[in-house]
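What follows is calculated from the coordinates using simple rules that are stated; it is not laboratory data. All of these numbers come straight from a predicted model, not from anything done at the bench. With ideal geometry, Cβ positions are generated from the backbone for all residues, glycine too; neighbour counts draw on all protein chains shown.
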Amino acid sequence: MFTREWLRAVVLMMFTLAPMNVSAEVPWQFADNTRYMAMGDSLASGYGAVPATQGYAYLLYQEGVFDKIPNTLLSNVGLIGATSADVLNYQVPLAINPYVPTVITLTVGGNDIAKILEEGANPTTVLTEFRANLFAIFSQLRTGLPNAKIYINNLYDIPELPLPPPGIRSIVLAFNGIIEGVAGIFNVPVADVFSAFEGRNGLRLIQRNGADQFEVHPSNAGHRAIAKAFKAVIEKN
């Protein structure tokens, strides 16, 4: 005599082995899906947001900025501590093969600045290397992914950092000048995060009571501001 447990097991196996309905909205079944890749450093990875999936790249995905969620594949290769050299050497190859994204967002430069602030590297040398790396990043992406839409953001100021005059602002502006210049060569739109953060409180973790004096990452509100800046330039272009 068959037990109820045995019948349940048979029914479960039948459903498990049954072929999937091809009309089900499963993203990887679509040939025309939008393939979004978030590239860059800790900001791209969502660091600072709680949870990290409230980082700006995830917000862009969740809000359907590029396409409807069921038709969007997200790959976030943003890495805490990544410099422009790391993006060039490790993330660009992943984009070109195997992922082949149709849209890319890039945040880079913060850890290049850290070389100046934390390691005492020569600013001119770092800026020269950053420009060369960014040029190579865009050059390889444009060559390997000619149809991909690419967006980058400029960097925000952190006036709260305990640095001697003129502080970090002049360094940030120098990096942003390079970002604008190189992006312009490759027709890459720039999200104006610098202006989005200018004069506003609550966007940087360093502004919180008890925060580390060198905590430079954005808060949840900061990530929302970055996502809004990207969304504005994406909708415009």
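The modelled label-to-label distance between residue 228 and residue 147, using points 7 Å beyond Cα along the C-beta direction, is 3.5 nm.
So for the chain, averaging the separation of alpha carbon pairs under 8 Å that are six or more residues apart and normalising by length, what relative contact order in percent results? All intermediate terms of the calculation are to be shown ahead of the outcome.
Working: 363 pairs, mean separation 47.0, N = 237.
RCO, the chain: 20 percent.
The three principal axes of the Cα atoms in the chain give end-to-end lengths of 86, 46, 32 Å, sorted in falling order. The angle separating the long axis of helix 110-119 from the principal Cα axis of greatest extent in the chain is about 50 degrees. Relative to the longest principal axis of the Cα atoms of the chain, the long axis of helix 123-144 makes an angle of roughly 30 degrees. Comparing 52, 136, 174 in a Gaussian network model of the chain (Cα springs below 10 Å), the most mobile by mean-square fluctuation is 174. Between segment 61-77 and segment 81-105, the C-alpha centres lie 17 angstrom from each other. Between the helical axis of 220-236 and the longest alpha-carbon principal axis of the chain there is an angle of about 90 degrees.
For the chain, give the share of DSSP beta bridges that are antiparallel, in percent and rounded to the nearest 5; count only bridges with both residues there. Provide the component values of the computation, followed by the final result.
On the way: 1 of 17 bridges.
If I count the DSSP bridges inside the chain, around 5 percent turn out antiparallel.
For segment 141-237, trypsin sites (Lys or Arg not before Pro) meeting the loop criterion (DSSP other than H, G, I, E, B) and having at most 12 other Cβ atoms within 10 Å: 208.
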